[in-house]
Structures are given as C-alpha cells and as structure tokens.
Amino acid sequence: MKMTRFITILFQLVAFHFLLPSFAQDYTQWGLPEGALYRIGKGNISGVKFTSDGNRLIVDTKIGLWDYDVHTGIELDFIPEDRWYSIRLGSSLGISPDGKRYITFDSEDIFTIRNLGDRTAIYTIEEPTIEIQQVAFSQDGNILAVGNKNVINLWDLTTGIKINTLIGHTGWIREITFNPNGSIIASVDSENVLQLWDVGMGIPISVLSTYIYRVNGLSFTPDGDTLLLSSQGSLLSWDVSTGNRNFDVFAGSVNSIAFSPEGNLISTSGQTGLKLWDGTTGNFITELGNYEWGNNAISFSPDGKTIACGGIDGLTIWDTEFWEPKLTIEGHLISMQEIDFHPNRNLMVSISSRRIHFWNTNTWTENNEFHIERYAHQFGLDINPYGTTLVTTVHGSIVLWEISSGTPLAILHSLESENWTRFSGFSCVEFSSDGNLLAGGNYNNTIQLWYEGRTRKGILTGHTAGITSITFHPNNRILASGSGDKTIKLWDVDAESHLLTLNGHTEIVNCVAFNPDGTYLASGSEDKSIILWDIDTGNYLQTFIGHTDEVVRVAFSPDGNTLASCSKREDPTVRLWDVHTGELKKTYTGHVEQINDIGFSPDGETLVSASYDGTLLVWDFNEFGNSAEQLVEDVNKDGHVNIQDLIYVASNIGQSSNNNPADVNGDETITIEDLLIVAAALQDVGDAPAKFQQPNPILSALDVEQWLDNSKYVTSNLPVYQKGRIILETLLSTLIPSKTMLLKNYPNPFNPETWIPFQLHQPADVSINIYSTDGNLVRSLKLGYKSSGIYQDIRKAAYWDGMNETGEPVASGVYFYTMKAGTITTTKRMVIRK
C-alpha cells in the first residue's frame with residue numbers, strides 16, 4: 001500500500017516535456033577554457049539587475065556575468081570569471097545601479113572597478129579582499145561602501161580615494177544599502193545589530209534593532225522614508241526618521257527583496273517562490289508562477305513594467321501590468337550532479353537537483369528533460385545496457401525511469417526501512433553491464449541488490465560506514481565498493497559474499513572504477529590521492545598525487561590507457577593520468593566550483609565534467625594525443641570491435657549513411673555487407689566469437705540466423721564477406737546450446753515473483769507447468785514456438801508472478817516446475833517464502 005501511494009505521488013510530481021526551440025545564439029562557445037569544445041549551462045544565478053535604460057538585464061552567476069536583451073532573451077555578452085564572491089556579496093552583486101560597472105576581486109589585497117562594456121579597469125583599490133562580506137554602490141554610482149570585517153570603508157569612485165571609515169559594529173558586516181540620495185547607509189552585522197549611518201559625517205545616526213537574525217535583503221523605499229528587510233521569515237519595515245516599526249509580517253523564506261520604482265509594491269523571492277506585497281501595509285497581494293523551490297534574485301526594471309526573477313527555477317521576466325511571464329531564458333541551472341552516456345544512441349544524460357536532462361552529443365543541445373515538480377536530492381545515475389531504463393535516486397529512494405516516456409517505472413526503498421530520507425537512503429546506483437542486476441549503495445553501510453525486474457536479490461554487509469561508490473566488474477560477478485570507513489571491498493555478487501578488503505587510503509573513499517578489461521581498480525579519496533589496485537592479487541600498484549583537494553570521481557578512458565579524475569572547490573580541475581607510468585598528462589581548468597562527475601564518451605573522443613557551478617564542460621580528449629588507432633569496423637568508437645558493433649550496424653540496416661559510422665564500406669547505404677565487414681574484423685582484434693560462451697542478453701541465435709539468411713543476397717565474392725559469414729556461423733554455434741534443458745529459477749527462494757530460464761537445442765513449442773508437492777497443477781505458462789537459443793535473462797526467461805490460474809497468490813512452500821519442449825520434458829524444484 002505504501003509503495004502504491006508513493007508511486008502515485010511521484011507520478012503527480014513528475015512531468016515530462018520537450019523543450020521549445022531556443023534562440024539561435026550559440027552561447028556554448030562563449031568564453032571557453034583551453035581544451036574545451038562546448039559549455040552546457042550558464043551557471044547558477046546569484047543576482048539580476050536591469051541597466052538604467054531598461055533594455056538589458058545583467059545576470060550574475062558563479063561562472064561570470066551574462067548580458068541579455070530584455071525583449072528577446074538573446075545573449076549579448078558574457079564575461080567569464082570566477083564569481084564565487086558574488087554569492088558572498090548577496091544581493092549587492094558588485095554591479096553599479098546603472099549596470100555599467102562591476103567589481104572583480106583580483107587578489108587577496110586588490111579589487112578593481114571595471115567597465116562592463118569593454119572590461120577595462122577604471123580604478124584599482126587596495127583593500128584586503130578575503131574579509132570583504134558586502135559591497136554596495138550609492139544610487140548615483142559615485143560612492144562604494146565596502147564591508148570589511150566589522151567596519152565599512154567608503155570610496156569615492158570619481159577619484160578612487162577612500163573618503164571615510166564607519167566604525168561602530170562589533171560583528172562582521174552582513175548587509176549594506178544606501179538610501180536613494182546617498183546620504184544614509186543602513187547596515188546589519190553578525191551580532192544582529194541594524195544601524196543607520198550619516199555618510200557625509202561618517203558617524204552613526206541610530207540603532208534600529210539589536211535582534212535582527214538571518215537577514216536576507218535590505219532596501220530603502222524610493223523616497224528614502226522607509227527601510228525594509230527580511231529576517232527569519234518576516235518582512236520588517238521601519239520609519240527612518242522616527243525609528244518606529246511600520247509593520248512585521250510573515251513572508252516565509254526570503255532570499256531577496258525589491259521595491260517597485262513607485263514604492264507601492266514589494267517583491268520577495270526565496271524558497272517559497274516569487275511573492276508581491278503592499279509597500280505601505282505589508283499585506284500579501286499575490287504569488288507569481290509555480291516556483292517549487294527557490295529564487296535567489298529579483299529586480300524591477302527602471303519603468304516598473306517588468307520584473308526579473310532568477311534562481312533554481314531558471315530566469316523569467318514578468319509583465320507587471322498583467323502579471324504574466326513575458327520571457328523565459330533557458331540554461332541557468334543550480335548544479336550539475338552526475339552524467340552517463342546512452343549505450344546505443346548519440347545521447348548523454350545529466351542530473352541536476354530538480355531535473356534529468358538529455359543532450360544530443362552531436363550538437364550538444366538539449367533534446368528533452370524530466371522535470372521533478374519539487375526539490376529532489378539526486379545522487380547516482382546509470383542507464384541499462386539496452387538504453388531503455390534510467391536509474392537514479394530521489395530523496396534516498398531508487399527510482400527507475402522509462403527513457404522513452406519519462407515516467408517512473410518503480411520505486412525501490414531500503415531493506416531496513418520504508419523511511420525514504422536522504423540520510424538513510426541510497427547514495428549511488430549501478431546496473432551490471434548485462435542489465436540483469438541493479439545495485440544500490442546505502443548510507444546505512446549496506447549494498448542492496450535487485451534483479452532488473454525489481455525483485456530483491458540480496459544484501460552485502462561488512463562496511464562500517466556509509467557507501468559512497470559502487471561499480472560492477474566487467475564480468476558482472478564482482479562488485480567493488482568504497483566507503484566512509486576508508487576501505488574498498490570486493491564482493492562475489494552470485495554468492496553475496498565478501499572477497500577482499502583493500503586498505504591504503506587515510507580518509508573516506510569517494511569513488512571506485514574498474515578499467516575496461518577489469519584488471520585494475522582505481523579509487524579516489526578525501527586524502528587527495530588516487531590508488532591503482534591489481535584485482536587478481538589485491539596489491540596496490542601505484543598512487544597518483546597532484547590534487548590539492550579531495551578526489552571526487554575517477555574514470556578510465558575506453559582504451560584503458562588514461563585515468564581521469566576531478567576534485568572539489570579548492571581544486572576544481574580535471575586531471576588526466578597515464579595509467580601505466582602514473583605521469584600527469586594534462587590538467588583541465590575551467591570550472592569554478594566542485595566537479596561532481598566526469599565521463600568519457602563511448603568513442604573516447606571527448607570527456608565531460610559536471611559541476612556545482614551549474615555547467616557541463618565538454619573537453620577535447622584527442623587534443624593532447626589520444627592516438628589509439630580507430631578501426632572503421634569499430635562503429636560505436638569504444639576502442640574495440642565486438643558484438644556491440646554488430647548490433648549497432650544491424651539496427652541501422654536500410655538507412656542512408658548521412659555520416660553514420662555504420663556505413664562501414666562507405667557506399668552511402670547501410671546493408672548486410674557492412675555487417676559482414678564488421679563480423680570479419682571480430683577475430684582480427686582478438687575478440688573471436690569463441691570467447692562468447694556465456695549467454696548474451698542482447699544477442700540471440702535468431703538474430704544471427706537472420707543475418708546469415710540475408711547474407712545470401714550478397715553477390716560479391718570478396719574474401720572479407722566470406723570471412724564475415726564464417727565468423728557469424730561460428731558465433732551462431734556458440735549461441736545454440738548443445739542440449740535442451742530447464743535451468744534453475746531465480747531468485748530462489750522468492751517472493752512474489754521469479755524467472756524460469758531454459759535453453760533449446762532445436763526450435764520447439766514450449767510450455768512450463770508449475771505443480772504443488774501433492775501433484776496438483778498450480779499454473780501453466782504457454783510460451784509458444786521458440787527458436788534455438790538460451791533464454792536466461794529476465795527479458796527472455798519465463799516469468800511467474802506467484803499467482804495460480806485464477807489469479808490468487810499461492811501459499812509459501814515447495815513447488816515443482818516442468819518444461820515441455822517438443823518431445824523433451826524436464827523438471828526442477830522452487831521455494832516460495834512469505
């Protein structure tokens with residue numbers, strides 16, 4: 001019942017929509033760091049301000065300043081710059097009221113006033129910047145107030161000279177604002193004191209309050225008679241001349257406040273959305289839009305006809321006459337958490353705090369997104385090998401999504417508790433490469449396993465702190481995990497048992513990753529190091545040292561020769577290491593906040609990094625010498641010619657080339673000839689069909705039989721086609737079992753569902769009957785005519801939902817199941833536990 005209700009609620013919260021066409025500006029190329037091909041996302045918004053003519057909007061983000069045309073939303077300019085201090089400066093932005101000048105902190109003891117148009121320096125001012133918490137321009141732009149520790153320094157911007165220092169606060173300066181004529185300053189410090197100052201005399205006027213807590217926003221009315229601020233969810237208003245309180249109203253969480261030019265309206269933005277209040281009485285008027293979680297900044301245009309609002313929900317410009325949105329500017333995202341590449345399409349998936357995005361990797365434009373209609377803590381991301389299902393975590397529960405529709409398929413909770421909170425739930429998730437298993441690492445120190453059909457398989461216990469990272473070995477029989485207990489553990493997935501503990505890190509292990517052939521494991525830690533381990537012996541091979549903050553993620557290139565790593569806020573770099581020598585080959589710089597994830601494209605040509613700064617950067621991996629020879633038969637460009645390449649070509653047969661890599665022979669059409677060429681190359685790269693002895697969940701004997709039938713129509717006698725047929729025939733022989741038999745069901749014991757695998761040496765009509773121990777027929781599964789092959793994974797095996805022929809659940813106990821395939825009958829035993 002709880003699960004049904006949870007799924008119902010989630011369906012109500014989730015909407016899937018395709019994005020509307022955007023303006024033609026290619027902002028992804030603006031201000032790129034060295035080595036980057038594209039920037040996706042425009043950064044997390046910290047402030048917005050209209051220019052004095054009302055035609056442009058300046059948007060301050062962590063990665064720099066954006067200049068927009070207010071009427072069209074087109075990007076006019078971008079100033080790339082680490083604006084981390086703009087968050088510290090709050091609503092003041094460090095931008096002049098007319099939008100023509102801005103401040104940069106150039107070193108620990110220098111800041112500069114710059115021209116926004118050409119970025120040239122107007123004045124360079126010597127003042128310790130590390131302790132500056134607030135700055136504010138006077139309305140005429142002639143005076144700059146700088147809150148440094150517990151004093152406010154006043155600078156004349158017509159001369160660049162300091163004219164006064166306001167002394168009297170005992171706590172650090174948290175908020176500063178000028179009245180409209182520049183004669184009075186209001187300030188709030190960390191000791192909760194609200195103070196008024198005479199700017200000309202440089203002396204205090206009065207203390208309005210000594211209990212102002214958690215101030216977010218401080219503003220005078222346009223006539224200067226009233227002072228407004230937000231404190232602990234309340235809007236507080238004072239008469240400046242008398243010091244009397246005008247009103248105190250509850251407003252909820254507020255990040256920013258603004259008066260309309262006439263002073264008759266107050267606008268607030270925060271976690272509860274964009275709201276309007278009466279400027280005189282403080283009475284609530286209305287709420288605009290459907291902002292589910294948070295806006296950081298608001299600004300009225302000089303004529304009061306529009307208001308801009310930016311934050312977690314993006315950037316919207318509103319018409320203040322009809323209170324309708326005039327324009328939405330896409331691209332501003334709060335954070336980029338994790339990424340993954342689709343196995344069969346030119347598609348990459350990323351998650352931010354509220355959305356799951358799909359990007360076309362040919363154009364690096366957004367195809368569509370899943371939008372979760374509330375704030376969702378999401379960690380972990382993976383796509384199954386079929387490319388049909390995506391898995392992530394939402395508020396600590398695992399959610400499986402259908403990629404084609406964007407709808408949630410199932411919710412998986414922790415085994416220990418139905419309480420799905422971030423801190424007791426799952427931190428990481430991953431599919432096995434064959435798609436049969438799903439693993440989730442939990443904050444409660446366990447790893448939980450499911451068959452892909454959402455039936456629980458088991459639980460791995462042994463860590464003494466929360467799980468931070470998990471990864472399947474390429475053979476899918478081993479799982480590696482990293483933990484807060486500073487260790488890495490290797491697990492036998494089938495036996496659900498512990499194999500080995502790797503000790504070497506001195507702090508929390510943040511990440512683990514196997515190389516493509518599974519011989520090495522790399523681990524990254526809060527101790528700022530990366531260790532490379534030999535999987536066969538468990539020995540440590542070498543340590544990569546270079547990061548100056550903790551290592552967040554590691555990833556191997558498709559050819560296994562390069563290891564990429566990324567780090568936190570004090571070292572927001574991507575580093576590339578030579579796996580064999582340990583040499584640092586390249587350092588990419590460009591993010592200004594912690595990098596949360598990195599990943600190589602399947603073709604190994606690009607590397608993508610995702611950051612808290614709200615951007616993805618696409619790096620040119622080839623630019624520093626990814627010299628591995630690319631075979632034309634390696635159509636999916638993963639560095640190997642294998643079964644995946646055959647499937648890729650087969651799925652494209654009949655299509656015109658249009659630069660499709662499946663057109664191997666370059667005749668502009670994808671045919672069976674292209675597939676035969678790829679088949680012929682399998683053995684040449686050491687990936688002979690004889691190696692495919694394990695059941696392949698993606699490829700069936702029927703597929704190969706059809707390819708061989710179609711190959712009869714190839715009239716050319718070129719040796720490559722003949723060799724391709726021989727390889728396909730050999731491959732077919734590995735996919736056809738030597739005998740027909742019934743296999744062990746899984747899971748067993750089970751509740752409430754199980755899969756019954758089988759294999760057929762020859763085609764046959766197949767049926768499976770399930771009996772109780774007294775010989776009574778419980779359920780009959782008619783599977784119909786089946787070709788030769790192995791029917792083992794959950795997409796092909798017979799499925800029993802634990803119901804009898806009348807649809808009633810059967811009791812716990814022992815049951816027998818028999819398979820009849822042609823003239824052959826076999827029997828096995830299963831157990832239901834409830």
- Which listed residue, of Asn296, Asn264, Asn283, Asn246, is of a type in the set (S, T, N, Q) and within 20 Å of Arg354 (Cβ to Cβ): Asn296
- Hey, can you tell me all the residues within region 516-532 that are out of contact with any Pro (no Cβ under 8 Å at 6 or more places or on another chain) and either over 20 Å from Phe600 (Cβ atoms) or in a loop (DSSP other than H, G, I, E, B) (or both)? Thr519, Ser525, Glu526, Asp527, Lys528, Ser529, Ile531
- Query: Can we say Ala251 is without any contact (Cβ under 8 Å) to a residue 40 or more places away in the chain and either closer than 28 Å to Asn164 by Cβ or not basic (Lys, Arg) (or both)?
  - Reply: yes
- Task: Go through (1) open to solvent by less than 10 Å² (accessible area, probe 1.4 Å); (2) in contact with a His (Cβ under 8 Å, 6 or more places away or on another chain); (3) more than 19 Å from Leu276 (Cβ to Cβ) and name the single condition Arg355 misses.
- Result: (1)
- Task: Answer yes if at least one residue in region 545-568 is over 26 Å from Ile467 (Cβ atoms), part of a strand (DSSP E or B) and open to solvent by less than 60 Å² (accessible area, probe 1.4 Å), and no otherwise.
- Result: yes
- Message: I'd like the residue in region 244-268 that is in a loop (DSSP other than H, G, I, E, B) and at pLDDT 90 or above and, out of all such residues, is nearest to Phe284 (Cα to Cα).
- Response: Asn264
- Would you pick out the residues in region 198-243 that are part of a strand (DSSP E or B) and under 37 Å from the mean Cα position of the chain (by Cα)? Val215, Asn216, Gly217, Leu218, Ser219, Leu229, Ser230, Ser231, Ser234, Leu235
- Limited to region 471-510, what total is found for residues that are within 25 Å of the chain's Cα centre (by Cα) and under 24 Å from His640 (Cβ atoms)? 7
- Query: How many of the residues making up region 142-176 are in contact (Cβ under 8 Å) with a residue 60 or more places away in the chain and under 17 Å from Asp198 (Cβ atoms)?
  - Reply: 1
- Taking the stated definitions as given, is Ile790 assigned to a strand (DSSP E or B) and either closer than 29 Å to Val493 by Cβ or open to solvent by 30 Å² or more (accessible area, probe 1.4 Å) (or both)? yes
- Query: Among the listed residues Asn179, Asn142, which satisfies the condition of being at pLDDT 95 or above and under 24 Å from Pro261 (Cα atoms)?
  - Reply: Asn179
- Condition met for Ala650 (in contact with a helix residue (DSSP H, G or I) (Cβ under 7 Å, 6 or more places away or on another chain) and either modelled with pLDDT under 80 or buried (at least 20 other Cβ atoms within 10 Å of the Cβ) (or both)): yes
- When region 452-479 is checked residue by residue, the ones that are part of a strand (DSSP E or B) and open to solvent by 30 Å² or more (accessible area, probe 1.4 Å) are Arg456, Lys457, Ile459, Thr468, Ile478
- Somewhere in region 769-778, is a residue under 44 Å from the mean Cα position of the chain (by Cα) and in a strand (DSSP E or B)? no
- Message: Between Leu265, Leu274, which is of a type outside the set (Gly, Ala, Ser), closer than 22 Å to Leu57 by Cβ, crowded, with 16+ Cβ neighbours inside 10 Å and in contact with a Cys (Cβ under 6 Å, 6 or more places away or on another chain)?
- Response: Leu274
- Looking only at region 97-131, count how many residues are closer than 22 Å to Phe300 by Cα and part of a strand (DSSP E or B). 3
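Okay, residues lined up against (1) of a type in the set (Gly, Ala, Ser); (2) at pLDDT 95 or above:
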{"site": "Val146", "(1), (2)": "no, no"}
{"site": "Lys149", "(1), (2)": "no, no"}
{"site": "Ile161", "(1), (2)": "no, no"}
{"site": "Ser183", "(1), (2)": "yes, yes"}
{"site": "Ser190", "(1), (2)": "yes, no"}
{"site": "Leu196", "(1), (2)": "no, yes"}
{"site": "Val199", "(1), (2)": "no, yes"}
- Query: Take the residues of region 793-825 that are open to solvent by less than 60 Å² (accessible area, probe 1.4 Å), hydrophobic (A, V, I, L, M, F, W, C) and assigned to a loop (DSSP other than H, G, I, E, B): which is nearest to Ser432 (Cα to Cα)?
  - Reply: Ile794
- Message: For region 498-510, check the following and say yes or no: at least one residue is within 23 Å of Pro343 (Cα to Cα), acidic (Asp, Glu) and open to solvent by 60 Å² or more (accessible area, probe 1.4 Å).
- Response: no
- Filtering region 449-468 down to residues that are touching a Ser or Thr at 6+ places or on another chain (Cβ under 7 Å) and under 14 Å from Thr393 (Cβ atoms) yields Gly466, Ile467, Thr468
- Message: Which count do you get for residues in region 482-529 that are at pLDDT below 95, more than 16 Å from Thr471 (Cα to Cα) and of a type in the set (D, E, K, R)?
- Response: 0
- Only one of Ile113, Ile74, Ile79, Ile122 is crowded, with 20+ Cβ neighbours inside 10 Å and modelled with pLDDT of 85 or more, namely Ile113
- Item | The listed residue being part of a loop (DSSP other than H, G, I, E, B), in contact (Cβ under 8 Å) with a residue 24 or more places away in the chain and more than 18 Å from Asp703 (Cα to Cα), out of Pro737, Pro752 | Pro752
- Item | Single residue of region 184-202 satisfying the filter (without any contact (Cβ under 8 Å) to a residue 24 or more places away in the chain and under 22 Å from Leu157 (Cβ atoms)) that is surrounded by the most Cβ atoms within 10 Å (Cβ to Cβ) | Asp198
- Query: Is it fair to say Glu583 is touching a helix residue (DSSP H, G or I) at 6+ places or on another chain (Cβ under 8 Å), without any contact (Cβ under 8 Å) to a residue 60 or more places away in the chain and over 23 Å from Ile63 (Cβ atoms)?
  - Reply: no
- Filtered residues of region 243-262 (kept if of a type in the set (Gly, Ala, Ser) and either in contact with a strand residue (DSSP E or B) (Cβ under 6 Å, 6 or more places away or on another chain) or open to solvent by 40 Å² or more (accessible area, probe 1.4 Å) (or both)): Gly243, Ala251, Ser253, Ser256, Ala258, Ser260
- Answer yes or no: is there a residue in region 415-431 that is open to solvent by less than 20 Å² (accessible area, probe 1.4 Å), in contact with a Lys or Arg (Cβ under 9 Å, 6 or more places away or on another chain) and at pLDDT 80 or above. no
- Task: Check whether at least one residue in region 719-726 is open to solvent by less than 50 Å² (accessible area, probe 1.4 Å) and not in a helix (DSSP H, G or I), and report yes or no.
- Result: no
- Task: Output the number of the condition that Leu617 fails; it satisfies all remaining conditions of (1) at pLDDT below 80; (2) assigned to a strand (DSSP E or B).
- Result: (1)
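The values are calculated or read from the model by the stated rules, or taken from the named source; none is laboratory data. What you see is a predicted model; the values in this text were computed from it and never measured. Because the Cβ atoms are built from the backbone with ideal geometry, glycine has one as well, and the counts that use them run over all protein chains shown. Surface areas here come from the heavy atoms of the whole protein model, side chains and all, with no ligands, DNA or RNA. Shrake-Rupley method; radii C 1.70, N 1.55, O 1.52, S 1.80 Å.
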